[in-house]
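Scroll down for the structure; my scribbles are underneath it.
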Amino acid sequence: MLEFFSIIRIMRLCKLTRHSSGLKILMHTFKASAKELFLLIFFLVLGIVVFAALIYYAEKIEYNPHNDFESIPLGLWWAIVTMTTVGYGDMAPKTYLGKFVGTLCALMGVLTIALPVPVIVSNFAMFYSHTQARSKLPKKRRRVLPVEAPRPKPPISKVGGITGGGVGIRHRNAIKHPPSTGALDHKVGNRIGKI
């Protein structure tokens, strides 16, 4: 019982993420990529179940006294190891059909893992570049960066022309930067503001 509480004390090391900007960037990246990570896990689990059943029946077709796949749960272990490209080598298909299923499993594993990686990498690069740009700002202006004063709408005359007014009025200490390209920049700015 005391060992359990010592493990909980070790978990307090997670509080170090508050002091490390790199770990904060990583956590923001995982939060922003949650949909892609969920999709990755879903397709991995789906592929593992399908290939475990396929390898079990493919190896069962021909009689082999050295069959490693005596049940579908053993096939699950093999499919996990194969699809995640670990490849321990403790279990291997012996029949030609089993080897074909193994080849398909390995290829599908590589594709399944490789497809969401560019999205996660681009999220990481975006958060990292925003953090680097923010760290180069003077400390007084860091809080002002994501906030820009709303521009008052100029009055429109009856003819349809604009009659002047306070176009372009901003706070004195706000940094002038180009207008955002969409909601994503605003969302990233808010997240980076917390770093």
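Read-outs: derived from the displayed coordinates by stated rules, not from any lab. The model shown is predicted, which means the values in this text are computed figures rather than measured ones. Cβ coordinates were reconstructed from backbone atoms using ideal geometry, including for glycine residues, and neighbour counts include every protein chain displayed.
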### Message
Could you tell me the calculated FRET efficiency between S21 and T103, based on Cβ-Cβ distance and R0 = 45 angstrom, to the nearest 0.05?
### Response
0.55
#### Entry: Cα extents of segment 11-59 along the three principal axes, largest first (Å)
53, 23, 12
### Query
To the nearest 0.05, what FRET efficiency results for Y128 and E70 with a Förster distance of 41 Å applied to their C-beta separation?
0.25
### Task
Within segment 1-109, report the GluC sites (Glu not before Pro) that DSSP leaves as loop and that have at most 12 other Cβ atoms within 10 Å.
E62, E70
### Task
Report the calculated FRET efficiency for F42 and I10 (r = Cβ-Cβ distance, R0 = 30 Å), to the nearest 0.05.
0.45
## Note on the structure
Counting every C-alpha pair in segment 1-107, the percent lying more than 19 Å apart is 59 percent
#### Entry: Simple Cβ-charge dipole of segment 1-81, Lys/Arg +1 and Asp/Glu -1, about Cα centre, in debye nearest 20
940 debye
### Summary
Length gained if L137 through V49 is fully extended, taking 0.36 nm per residue and subtracting the Cα-Cα distance, is 26.6 nm
